[in-house]
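Okay, structure first, notes after.
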Amino acid sequence: SVPLFRELRERPSGFDGMAAYFQWSANLTHVGDAARLQAMRVTGDYCELLGIEVGLGRAITTADAAPGAEPVALISHGLWKRRFAGAPTAIGRPVTLNGEVFTIVGIVRPDFPFPVRDADVVTAWAPERDVRRNNAALSFLRVVGRLAPGTPISKAQDEVDARMREFRASFPEAIPSEQRARIIPLRADLVGSSDQLLRMLAAAVVLVMVIAAV
């Protein structure tokens, strides 16, 4: 929830920083035929925290989530090719998502690791201004953080667990007793259970190459 995210971010518990995102379904209009897109809404520090580099233009920054900032968006390399024919002039173009106009500020690289499957758009989001979702019982965010130097995951997990217990004491009806926060490496989250399969396939390819060489 937004209140829990604020609690963790303001008391980072072994992290250098934290950012949040959530999945968002958006209707794209006024750029060719209307289309339903998978998208992400991210806090302004998301790109900086993960060290994201765009292929063209710029990434989303904390200034994009500040009060009074104009709505901006990053689009996927695929959407750029499909809707803008790969033209550099897509930067600065407006797109309408769910009736709101966003300005395209960057094109992400083809290898961008979207945590939301098939996402084509990333927009800046400010939790402080989203009054509708400022509810301790409304859990919809995923949180990413960068561990402070020398902090093992186990220690960060213990500290986050402590913050969760304190938060549950303040909002006992909002947080079920069985709800936990589990810290996992971002790579494991993106690759998931396919990691072992990929390793097995890689080993099989190597074996075939060795046999061919012999």
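The values are calculated or read from the model by the stated rules, or taken from the named source; none is laboratory data. Predicted model only: the values in this text are computed from it and were never measured. Here Cβ is always computed from backbone atoms with ideal geometry, including for glycine, and neighbour counts include all displayed protein chains. We work out accessible area using only protein heavy atoms, side chains counted, and drop any ligands, DNA or RNA first. Shrake-Rupley method; radii C 1.70, N 1.55, O 1.52, S 1.80 Å.
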Looking at Val191, Val210, Val214, Val205, which one is open to solvent by 90 Å² or more (accessible area, probe 1.4 Å), modelled with pLDDT under 80 and more than 20 Å from Ala20 (Cβ to Cβ)? Val214
The conditions are (1) under 12 Å from Thr123 (Cα atoms); (2) in contact with a strand residue (DSSP E or B) (Cβ under 6 Å, 6 or more places away or on another chain); (3) of a type in the set (Gly, Ala, Ser), and Ala19 fails exactly one of them. Which is it? (1)
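For (1) part of a loop (DSSP other than H, G, I, E, B); (2) of a type in the set (Asp, Glu); (3) touching a strand residue (DSSP E or B) at 6+ places or on another chain (Cβ under 7 Å); (4) at pLDDT 95 or above, each residue gets a yes or a no:
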residue	(1), (2), (3), (4)
Arg83	no, no, no, no
Gly92	yes, no, yes, yes
Val95	no, no, yes, no
Thr103	no, no, yes, yes
Gly106	no, no, yes, yes
Pro110	yes, no, no, no
Pro113	yes, no, no, no
Val116	yes, no, yes, no
Glu128	no, yes, no, no
When (1) surrounded by 14 or more Cβ atoms within 10 Å (Cβ to Cβ); (2) out of contact with any helix residue (DSSP H, G or I) (no Cβ under 8 Å at 6 or more places or on another chain); (3) among the acidic types (Asp, Glu) are applied to Glu100, the one that fails is (1)
Between residues in region 1-19 that are over 16 Å from Gln157 (Cα atoms) and residues that are at pLDDT 85 or above and part of a strand (DSSP E or B), which pairs lie under 7 Å by C-beta distance while being six or more apart or on different chains? Ala19/Val42; Ala19/Val144
How about region 7-42: which of its residues are basic (Lys, Arg) and open to solvent by less than 40 Å² (accessible area, probe 1.4 Å)? Arg41
Collect the residues in region 1-49 that are aliphatic (A, V, I, L, M) and within 19 Å of the chain's Cα centre (by Cα), keeping them in residue-number order. Val2, Leu4, Leu8, Met18, Ala19, Ala20, Ala26, Leu37, Ala39, Met40, Val42, Leu49
Counting only residues that are of a type in the set (A, V, I, L, M) and assigned to a loop (DSSP other than H, G, I, E, B), which one in region 45-60 is farthest from Phe102 (Cα to Cα)? Ile52
Members of region 43-88 that are loosely packed, with under 14 Cβ neighbours inside 10 Å and of a type in the set (A, V, I, L, M, F, W, C): Ala63, Ala66, Ala85, Ala87
Across (1) open to solvent by 50 Å² or more (accessible area, probe 1.4 Å); (2) within 16 Å of Trp24 (Cβ to Cβ); (3) touching a Phe, Trp or Tyr at 6+ places or on another chain (Cβ under 9 Å); (4) of a type in the set (Gly, Ala, Ser), Ala124 clears everything bar (1)
